[in-house]
Amino acid sequence: MSLGAEWMIDWVRTSAAVIADHRVELITLDREIGDGDHGENMDRGFSAVLAKLDDLPADALPADVLKLVATTLISTVGGAAGPLYGTAYLKAAGAVAGRVELDGGALAALLRAARDGIVLRGKAESGDKTMVDAWTPAVNAADAAVGQDAGAAAVLAAAAAAAEQGAVATEPLIARKGRASYLGERAIGHRDPGAQSTALLLRAAADVAGG
Ligand code: ADP
Ligand code: MG
Ligand code: MG
């Protein structure tokens with residue numbers, strides 16, 4: 001099974017709905033170790049994306065959808081997360097340029113490109129208590145699933161589960177990047193909001209694929 005532009009648009013719509021549903025949760029997490037705006041930032045960005053989806057041409061490719069998300073998030077989200085997610089979606093678009101359908105391997109490559117974009121932009125390493133701690137296990141799980149010949153939906157399901165575990169695993173960490181890094185040991189016991197939004201977005205991808 002492979003997934004095309006229709007799935008991609010569905011993913012984006014579901015992402016917007018899930019982010020809206022979890023707006024308060026993300027705000028609460030960010031209030032504990034940041035400035036309390038992550039839910040609002042993400043909701044503003046994905047609401048803007050939603051409003052632009054209808055402008056896409058009927059023959060839009062998955063990469064065109066990802067590019068629209070990227071440019072919209074960059075121009076509307078602000079803060080740390082806007083440029084980071086914007087870069088992620090832009091690099092993801094580059095990884096699947098020209099493709100009509102995405103199989104498991106293409107989806108794993110898409111996720112890896114997104115993660116690499118975030119690392120390139122934000123210079124966080126694993127264990128720094130950022131969204132990278134959700135993305136990196138997700139990318140590794142997706143690759144492992146591809147290695148076992150998993151289909152598109154199963155690759156996304158593996159990525160989503162790993163991202164969720166990665167987000168939970170940020171709780172005991174001290175932050176070394178972003179606002180939470182000013183808190184030192186006071187960040188211990190709190191989940192990173194960006195890791196949590198990453199887990200939500202990847203779960204939405206898997207759900208929409210039926211994985
Ligand atoms: P801001 O911190 O500017 O208010 P947000 O609250 O929207 O922006 O986003 C905060 C999230 O951004 C953090 O929870 C973390 O996951 C992520 N983040 C911050 N700095 C970095 C970085 N250098 N690399 C990766 N992710 C980062
Ligand atoms: Mg914030
Ligand atoms: Mg802020």
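State all residues of the stretch 142-186 that are part of a helix (DSSP H, G or I) and among the acidic types (Asp, Glu); if no residue qualifies, say none.
Listed by number, the residues that qualify are Asp143, Glu164, Glu185.
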Report summary line: Output for Cβ contacts, cut-off 7 Å, separation at least six or different chains, first residue modelled with pLDDT under 95 in the stretch 199-211, second assigned to a helix (DSSP H, G or I), reads Gly210/Ala153; Gly211/Ala153; Gly211/Ala154; Gly211/Leu156; Gly211/Ala157
Requested in this report: Could you list all residues from the stretch 142-167 that are under 19 Å from Ala199 (Cβ atoms) and surrounded by fewer than 16 Cβ atoms within 10 Å (Cβ to Cβ)?
Outcome: Ala144, Gln165
**Report entry** Positions within the stretch 65-105 being buried (at least 19 other Cβ atoms within 10 Å of the Cβ) and farther than 21 Å from Phe46 by Cα, in sequence order
**Finding:** Ala95, Val96, Leu102, Gly104
**Report entry** Residues of the stretch 170-186 classified as of a type in the set (D, E, K, R) and in contact with a Lys or Arg (Cβ under 9 Å, 6 or more places away or on another chain), total
**Finding:** 3
Query raised in the report: When you scan the stretch 69-82, how many residues do you find that are touching a helix residue (DSSP H, G or I) at 6+ places or on another chain (Cβ under 6 Å) and away from ligand 2 (no atom under 16 Å from the Cβ)?
Result: 4
Report task. Quick one: count up the residues across the stretch 164-178 that are at pLDDT 95 or above and either in contact with a His (Cβ under 9 Å, 6 or more places away or on another chain) or within 14 Å of ligand 2 (Cβ to nearest atom) (or both). Result -> 4
**Report entry** Subset of the stretch 1-23 that is over 18 Å from the mean Cα position of the chain (by Cα) and either within 12 Å of ligand 1 (Cβ to nearest atom) or not charged (D, E, K, R) (or both) - its residue that is farthest from Ser75 (Cα to Cα)
**Finding:** Met1
Query raised in the report: Do we find that Ala180 is over 19 Å from the mean Cα position of the chain (by Cα), over 19 Å from Leu110 (Cβ atoms), hydrophobic (A, V, I, L, M, F, W, C) and buried (at least 18 other Cβ atoms within 10 Å of the Cβ) in this structure?
Result: yes
Query raised in the report: Just a yes or no: is a residue in the stretch 139-152 more than 16 Å from ligand 3 (Cβ to nearest atom), polar (S, T, N, Q) and under 12 Å from the mean Cα position of the chain (by Cα)?
Result: no
**Report entry** Asp59, sole failed condition from (1) more than 19 Å from the chain's Cα centre (by Cα); (2) within 14 Å of ligand 3 (Cβ to nearest atom)
**Finding:** (2)
Report task. Would you please list the contacts, defined by Cβ atoms under 7 Å and residues six or more apart or on different chains, that run from a residue in the stretch 1-17 that is modelled with pLDDT of 95 or more to a residue that is assigned to a loop (DSSP other than H, G, I, E, B) and among the hydroxyl-bearing types (Ser, Thr, Tyr)? Result -> none
Report summary line: Taking first residues from the stretch 32-55 that are over 10 Å from Thr76 (Cβ atoms) and outside any helix (DSSP H, G or I) and second residues anywhere that are within 11 Å of ligand 2 (Cβ to nearest atom) and among the aliphatic types (A, V, I, L, M), the pairs with Cβ under 6 Å that are 6 or more apart or on different chains are Gly34/Ala180; Gly36/Ile27
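The values are calculated or read from the model by the stated rules, or taken from the named source; none is laboratory data. Remember, it's a predicted structure, so these values are computed and weren't measured experimentally. Don't worry about glycine lacking a Cβ; one is built from the backbone with ideal geometry, like all the others, and counts go over all protein chains shown.
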